[in-house]
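**Q** Handing you a structure now.
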Amino acid sequence: MAAYLDRELVGIGGLSVDPFTHARTGRLRRVYVTPASRGQQIGKKLVSALLAHAALRFETVRLYTDTAEGSAFYLCCGFARTEDAQATHIMQLTNL
């Protein structure tokens, strides 16, 4: 998924089946917002759109981040921390 501002690409993010769990778990991947566009809610809107898409197929979404900034961002997006070797954050979606 991509985010554009004034026809300029300012953010990207992906979603796939989490390879470390069962098929009803999605994995949020590679969410990036250009430095000049940060602080404008673009990242939150992008994650929200990815989660809406995830809710069509998955019960849970997990992700891995290795930065404190990333962790704080995902906590603000509604994720909870998880203690797992392959994931740092998790969100339970509405059951299908």
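**Q** Find the residue count for the stretch 22-45, including only residues that are surrounded by fewer than 17 Cβ atoms within 10 Å (Cβ to Cβ) and not small (Gly, Ala, Ser).
**A** 12
**Q** Among all residue pairs at least 6 apart or on different chains, which show Cβ distances below 7 Å where the first residue, located in the stretch 55-70, is surrounded by 13 or more Cβ atoms within 10 Å (Cβ to Cβ) and the second is basic (Lys, Arg) and assigned to a strand (DSSP E or B)?
**A** Hits for this filter: 62/27; 63/27.
**Q** I'm told residue 7 meets every condition in (1) over 19 Å from residue 78 (Cβ atoms); (2) surrounded by fewer than 16 Cβ atoms within 10 Å (Cβ to Cβ); (3) in contact with a Ser or Thr (Cβ under 8 Å, 6 or more places away or on another chain) except one. Can you identify the failing condition by its number?
**A** All conditions are met except number (3).
**Q** Hey, another quick one. Does the stretch 12-34 contain at least one residue that is touching a residue at least 40 places away in the same chain (Cβ under 8 Å), under 20 Å from residue 92 (Cα atoms) and hydroxyl-bearing (Ser, Thr, Tyr)?
**A** Looking through the stretch 12-34, at least one residue is touching a residue at least 40 places away in the same chain (Cβ under 8 Å), under 20 Å from residue 92 (Cα atoms) and hydroxyl-bearing (Ser, Thr, Tyr).
All of the numbers you see were taken from the coordinates with simple rules; none came from a lab. Computed from a predicted model, the values in this text were never measured in an experiment. Cβ atoms come from the backbone with ideal geometry, glycine included; neighbour counts cover every protein chain shown.
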